[in-house]
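K.L.:
Here it is, the structure, as structure tokens.
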Amino acid sequence: MTGEGRPPVLLWFRQDLRLSGNPALAAALDRGSPVIPVFVWAPGEEGAWPPGAASRWWLAQSLASLDADLRKRGSRLIVARGPSAETLMGLAAESGATAVFWNRRYEPAAVERDKKVKAALRGQGLEAESFNASLLFEPRTVRNRSGEPFRVFTPFWRTCLVSPIPPPWKDAPPRLPPACDWPSSLNIADLQLEPSIDWAAGFREVWQPGEAGARQELDRFLAEALAGYPANRDRPDIAGTSRLSPHLHFGEIGPAEVWRAIQGAARGHAAAAEAYLRQLGWREFAYHLLYHFPETAQAPLRPEFARFPWKRNPELFKAWTRGRTGYPLVDAGMRQLWRTGWMHNRVRMVAASFLVKHLLISWREGAAWFWDTLVDADQANNTLGWQWVAGCGADAAPYFRIFNPATQAAKFDPQGVYVHRWVREAAPPIVDHDEARHRALAALATIAKS
Ligand code: FAD
């Protein structure tokens, strides 16, 4: 189908930067109209969480990859900057498009913005439709028996597992019907997403942003790591996890596709597949919580933690961010994060716990640092992770359970291979573990009493 003569559809890309298994794209193609793929850079519409530096680096690469994939199919990515509603309306006017399709986002600021965009477009007589590309189970559809959102993971996941998952994905189309006249576009470089000082060399060594990179990472995981996942997923010294988190965040691969690939590989590895899908379940749970409790990106879900006596200590905070706490596992994690934009989940737990318990610095400061430095920075997962560690979120680790970084290292990095990769020097600890532990428990007691 060429789409000639029909008015085009604008396909608004956001965190769904892929051509396969993309429901908004599939719906646009079904109309047989020309499709105009669009990306609008509007960081001011992300509320308190505009993309951080590492995310912007990833986004620049991912947009370039998407544009290249589109060009192979006779199409291209139109890049714009400005308020989303006005920009989309301007592009529609310029191209004669009569419809705008996109895949949904679930972060509070994005939900509010999208509602306004939809109303504005419809108010102009344009068709505006949204689809689900990024979750297995949409947050508003999963409820407990009383019709309330879940706050505990296990019953949430049990309910999900008996619910239908999105239909099989469609392969990337061989061609996209092009517009007769392309609207004007910026270059990706005009968005100035990348740092002016090139600190991203370490990122380039370990990541390939884009749909092909996501597929490659999934294939590697299925071939080399899925079988050992239950035993190895907590081992930062082993490449035992999928490293799909940034690809999932930017929608370069969808969870439904990962789900089916894991199910397909599950024969003989049923327990491993189940363990892996459960982690995807935690991602779903994180989105469920953020959607139903939108204030939790800023405030603890458990209200008594609003009274917790967090300390402000820029010097200790800086030591933590630089990987200079004198606790080798914490320092290795923080240096891995700085150099590669990613940290192993077990080490994230230990490093985050160290900040909120050993240093008594608020989880919100830690969450903001991770937000700026992680390539997989994700408002739902980051909020869940930090509130879980700080003991103030849904189904969280109790605050009084305080990780000992040395014991954690002995258990999960037994030969010290991971630590040795990032930390070579021996440095005195900036706080004593036992003293810090007592101080943390005393701080907890103040909110229990009041
Ligand atoms: P795998 O073990 O291969 O898991 C597969 C996928 O499941 C992941 O890609 C991820 O999408 C999901 N997943 C796995 N573990 C979790 C989890 N605990 N919570 C939610 N989803 C999970 N993850 C992010 O994607 N973005 C963040 O900003 C983020 N911040 C975190 C902050 C803290 C303090 C903590 C403790 C965890 C955070 N996580 C975050 C969760 C987790 O650490 C990463 O998702 C995981 O390390 C990614 O590596 P992987 O893809 O190899 O995981």
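Computed from the coordinates by the stated procedures, all read-outs in this text should not be read as laboratory data. Please read these numbers as outputs of a predicted model, since none were measured by experiment. Cβ atoms come from the backbone with ideal geometry, glycine included; neighbour counts cover every protein chain shown.
K.L.:
What is the Cα convex hull volume of the stretch 233-362 when expressed per residue in Å³?
P.N.:
It comes to 138 Å³ per residue, whole-number rounded.
K.L.:
Follow-up question, since we're still on this one. Under a 5 Å amide H to amide H cut-off, with H placed in plane at 1.01 Å, what residues pair with Val79 once short-range neighbours are removed?
P.N.:
Hits under the 5 Å cutoff: Phe39, Leu186.
K.L.:
Of Gly323, Thr340, Thr373, whose Cα points farthest to the positive end of the dipole of the stretch 303-449 (charges on the beta-carbon: +1 Lys, Arg; -1 Asp, Glu; origin at the Cα centre)?
P.N.:
So the residue we want is Gly323.
K.L.:
What net charge is computed for the residues neighbouring Ile165, neighbours being all others with C-beta under 13 Å from the C-beta of Ile165, Lys and Arg scored +1, Asp and Glu -1?
P.N.:
Working: positive: Arg260; negative: Glu138, Glu257, Glu284.
Neighbour charge sum, excluding Ile165 itself: -2.
K.L.:
Mind telling me which of Ala351, Ala223, Ala272 comes out most flexible in a GNM of the chain, alpha-carbon contacts under 10 Å?
P.N.:
Ala223
K.L.:
May I ask you to list the trypsin sites (Lys or Arg not before Pro) in the stretch 91-178 that are in a DSSP loop and have at most 16 other Cβ atoms within 10 Å of their Cβ?
P.N.:
Passing sites in the stretch 91-178 are Arg143, Arg145, Lys170, Arg175.
K.L.:
Another question about this same structure. Report, to the nearest 10°, how far helix 379-390 tilts away from the longest principal axis of the Cα atoms in the chain, using its own Cα long axis and a range of 0 to 90°.
P.N.:
Taking Cα atoms only, the helix is inclined about 10 degrees.
K.L.:
Right, something else. Got a sec? Charge dipole of the chain, +1 on Cβ for Lys and Arg, -1 for Asp and Glu; which of Pro149, Ala239, Val79 is way out at the positive end?
P.N.:
Sorting the options by dipole projection puts first Pro149.
K.L.:
As a test, work out the antiparallel percent of DSSP beta bridges whose residues both lie in the chain, rounded to the nearest 5.
P.N.:
Working: 1 of 19 bridges.
Counting only bridges with both partners in the chain, antiparallel ones make up about 5 percent.
K.L.:
Take the chain, connect every pair of alpha-carbon atoms lying under 10 Å apart with a spring to form a Gaussian network, then pick out the residue of Val100, Val142, Val356 with the largest mean-square fluctuation.
P.N.:
Val142
K.L.:
Run through every distinct alpha carbon pair of the stretch 1-133 and return the Kirkwood hydrodynamic radius in angstroms, one decimal place.
P.N.:
After inverting the pairwise mean of 1/r, the radius is 15.1 Å.
K.L.:
Taking the stretch 17-86, which trypsin sites (Lys or Arg not before Pro) meet the DSSP loop condition and have no more than 14 other C-beta atoms within 10 Å? Can you show the working numbers first?
P.N.:
Working: sites: Arg18, Arg31, Arg56, Arg71, Lys72, Arg73, Arg76, Arg81; in loops: Arg18, Arg31, Lys72, Arg73, Arg76.
Sparse-neighbourhood loop trypsin sites (Lys or Arg not before Pro): Lys72.
K.L.:
Please list the radius of gyration and Dmax for the stretch 303-449, considering alpha-carbon atoms only, with Å as the unit.
P.N.:
14.4, 44
K.L.:
For the stretch 106-137 and the stretch 252-306, write down the distance between their C-alpha centroids in whole Å.
P.N.:
Measuring centre to centre over Cα atoms gives 23 Å.
K.L.:
What Rg and what Dmax come out for the stretch 240-292 when only alpha-carbon atoms are used, in angstroms?
P.N.:
11.7, 38
K.L.:
Now, a different point. Dipole size in debye (nearest 20) for the chain around its Cα centre, Lys and Arg Cβ +1, Asp and Glu Cβ -1?
P.N.:
The dipole magnitude comes to about 920 debye.
K.L.:
Using a Gaussian network for the chain with springs between C-alpha atoms less than 10 Å apart, which of these wobbles most: Ala172, Ala426, Ala410?
P.N.:
Top of the fluctuation ranking is Ala426.
K.L.:
Same structure, new question: Spelling out what I want: for every residue of the stretch 7-23, take phi, set θ = phi - 60°, compute 6.51 cos²θ - 1.76 cosθ + 1.60 (Karplus), and round to whole Hz; glycine and proline get x.
P.N.:
x, x, 10, 7, 10, 8, 7, 9, 10, 8, 7, 8, 10, 9, x, 10, x
K.L.:
Follow-up question, since we're still on this one. Helix 433-449 against the longest principal axis of the chain: what's the angle in degrees, Cα atoms only, rounded to the nearest 10?
P.N.:
70
K.L.:
With all distinct Cα pairs included, what does the Kirkwood hydrodynamic radius of the stretch 171-263 come out to in Å, to one decimal, could you say?
P.N.:
On the way: mean 1/r = 0.0616 Å⁻¹.
Across the stretch 171-263, the inverse of the average 1/r is 16.2 Å.
K.L.:
A 29 angstrom limit on the alpha carbon distance is what I want to check against. Which of Lys357/Lys411; Lys115/Lys357; Lys72/Lys170; Lys118/Lys170 exceed it? Don't jump to the answer; show the numbers that get you there.
P.N.:
On the way: Lys357/Lys411 20 Å; Lys115/Lys357 39 Å; Lys72/Lys170 18 Å; Lys118/Lys170 26 Å.
Over 29 Å Cα-Cα: Lys115/Lys357.
K.L.:
Let me have the 222 nm mean residue ellipticity of the chain computed from DSSP H runs of 4+ only, each contributing -39500 (n - 2.57), with the sum over all residues rounded to the nearest 500. Please list the in-between numbers first.
P.N.:
Working: 19 runs with 206 residues, N = 450.
My calculation for the chain gives -14000 deg cm²/dmol from helical runs alone.
K.L.:
Follow-up. Convert 37 °C to kelvin, take the viscosity as 0.692 mPa s, use the Kirkwood radius over C-alpha pairs of the chain as Rh, and evaluate the Stokes-Einstein diffusion coefficient in µm²/s, rounded to a whole number. Let's see the in-between values first.
P.N.:
On the way: Rh = 23.2 Å.
This corresponds to a translational diffusion coefficient of 142 µm²/s.
K.L.:
Among the trypsin sites (Lys or Arg not before Pro) in the stretch 295-392, which ones are in a DSSP loop with at most 14 other Cβ atoms within 10 Å of the Cβ? Mind listing them?
P.N.:
Numbers: sites: Arg307, Lys311, Arg312, Lys318, Arg322, Arg324, Arg335, Arg339, Arg346, Arg348, Lys357, Arg364; in loops: Lys311, Arg312, Arg322, Arg324.
Listed in order of number, the matching sites are Lys311, Arg312, Arg322.
K.L.:
Continuing with the same structure: Counting Lys and Arg as +1 and Asp and Glu as -1, what is the net charge of the other residues whose Cβ lies under 14 Å from the Cβ of Phe403? Before the final figure, lay out each step's value.
P.N.:
Numbers: positive: Arg346, Arg348, Lys357, Arg401, Lys411, Arg437; negative: Asp234, Asp413, Asp434.
Combined, the nearby Lys, Arg, Asp and Glu give +3.
K.L.:
Here's something else I'd like to know. What is the angle, in °, between the Cα long axis of helix 255-264 and the longest principal axis of the Cα atoms in the chain? Nearest 10 is fine, range 0 to 90.
P.N.:
It is inclined by approximately 80 degrees.
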